[in-house]
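Reading through the structure tokens given below for one structure.
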Amino acid sequence: MLDYAKVDFYTDTRLVDDPHAYFDFLRAQGRVTPMPYRNVMAVTGYEEMIQLSLDTEHFNTINSVVGAMIELPFEVKGDDISAELEAARDKIPFSSQIVSQSGKRHADLRSILARLFTPSRLRALEPKLHETADALIDQFARDGKVELARQYGGPYATLVISDLLGLPDDVRNRFRALLDDSVPVRMDATPEEMMKNPLVELGKDLFKLIVKRRLAAHPLLKPLARLLGAKQDILAEVATARFPDGGKPTLVDITGLSAFLFGAGQDTTNRLVCACMKVIATMPDVQQLLRDDPSRIPDFIDECLRLDGAVKSGGRICQKSTTLGGVEIKAGTVMILSPLAANRDPRRFENPGEFRLDRPKIKEHVAFGRGAHTCIGALLARREVAVSIERLLARMGNIRLSDAHHGPAGNRHFDYAPTYVLHALSSLHLEFDPV
Ligand code: HEM
């Protein structure tokens, strides 16, 4: 039996398969509660998570990705460390990513990405979502079985983000191969393995493509653009975009933003497809209902996001002493916020561990975060997963779990990827009757 009072959420892989029990334990101590290491407070309450996400005066997002795996390169003194934190930005891993930025810098970067997520852009992408889904399903439709994360969800997410950026087919396929079977922020990775992160390779490719498009847009080279083989595609638009005040993003800004989309939208979407199909495979009545009435799919996705959403933890750091949920928080305290835990707060959601398609206010979960950093890809993710469910249901009859891989009914087991960031099924083995 694990002693939850002592385990370290960031390093103990025994918490990976059932984080819910651990978060329930923490919540029972308090919705904002100290953890026994590294000056960390865990936020497991729904209201408290929203309050924390909205309070940009007292909480800084500089450690959004690394959470409590942060070492401040200065000694914390007093009740306001905001200036010291900003001065130390370069020394904090992943702090240049959009999700770790704040204020004007964050708004500037977000304005570039916002061009990709307009309703018209997403409408134009819609036929590709269907095409990509069917092309992937074609590859296993006659087999009567599939491992969904590897054969469908992973490649689907990579190909859709590539289409969002308007990448050519050869690059799309290379990215698919690069990201095959990747797991972000592995808890058990050696430093060498960390350095082999496929997003680094992908970033190098994107950098070259972006440089080409910037060069082609240069006033002196414009007349030669056709000779240089320059394309007027979506990536060219992003590469030459300006900040709202007319400022010019650097090449590194644009490459970082484009690569971040694969980091943020890849495994999240893959694992949401898997979480949804796990419910469909284990609840035949829900499967039938969605087949009979596909208009229920959006609500179904929201309840899956609430019950088993992909994001397990993110970080914040208290930059000015304050209180949260009645608990005193001193400057320098690391905050771990968990959409997964907040979505199972019984004060907000009745019987939170139960799947209920008719749950009132089903969209009020916090799986996509809240505040300035709310997921910019939420609408796309919802459409990607809805199209996937529609197409998988249309092409696969009588979907069920593979007993050989997940054990018999009543004694199922599922493996989750060893990462503290995501709640990510490692694999989902399904069987079905080919349609
Ligand atoms: C099931 C799918 C997804 C889930 C559950 C999810 C969840 C989240 C969450 C919780 C955040 C906020 C993080 C924080 O506040 O620290 C976030 C931010 C973000 N997500 Fe997603 N996401 C999903 C899919 C996507 C997709 C498909 C894309 C793009 C292709 C995307 C791009 C982003 C970006 C760029 C941010 C940073 C926004 C900012 O800092 O302003 N996400 N996501």
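Quick notes on this structure:
- Sites listed here are GluC sites (Glu not before Pro) in segment 1-103 whose DSSP assignment is loop and whose Cβ has at most 14 other Cβ atoms within 10 Å: Glu57, Glu71, Glu75.
- The slack between Asp134 and Glu364, meaning 0.36 nm per residue of separation minus the straight C-alpha distance, is 79.7 nm.
- Residue-count net charge about Asn398 - beta-carbon cut-off 11 Å; Lys, Arg +1, Asp, Glu -1: 0
- Label-to-label distance for Arg121 and Asp169 is 2.5 nm, based on points extended 7 Å past Cα in the beta-carbon direction.
- Kirkwood-based Rg to Rh ratio, segment 282-435, C-alpha trace: 1.03
- Within the listed set Pro249, Pro298, Pro219, the residue fluctuating most in the Gaussian network model of the chain (springs between alpha-carbon atoms under 10 angstrom) is Pro219.
- Extreme residue, positive dipole direction of the chain, given options Tyr420, Tyr46, Ser321 (C-beta unit charges): Ser321
- Ratio of the Cα radius of gyration of segment 13-434 to 2.2 N^0.38 Å, where N counts its residues: 1.00
- Computed [θ] at 222 nm, helices only, for the chain once each DSSP H run of length n ≥ 4 contributes -39500 (n - 2.57): -13000 deg cm²/dmol
- Footprinting exposure proxy for Thr158, Thr13, Thr419 (fewest neighbouring C-beta atoms within 10 Å first): Thr13, Thr419, Thr158
- Dipole check for segment 13-434: with +1 at the C-beta of Lys and Arg, -1 at the C-beta of Asp and Glu, and the Cα centre as origin, the magnitude is about 1180 Debye.
- Neighbour counts of other Cβ atoms within 10 Å put Asp169, Asp80 in the fewest-to-most order Asp169, Asp80.
Values quoted throughout were computed directly from the atomic coordinates according to the rules given, and no laboratory measurement underlies them. Everything numeric here is computed off the predicted structure, so don't read it as measured data. Heads up, the Cβs are rebuilt from the backbone with ideal geometry, glycines too, and the neighbour counts pull from every protein chain shown.
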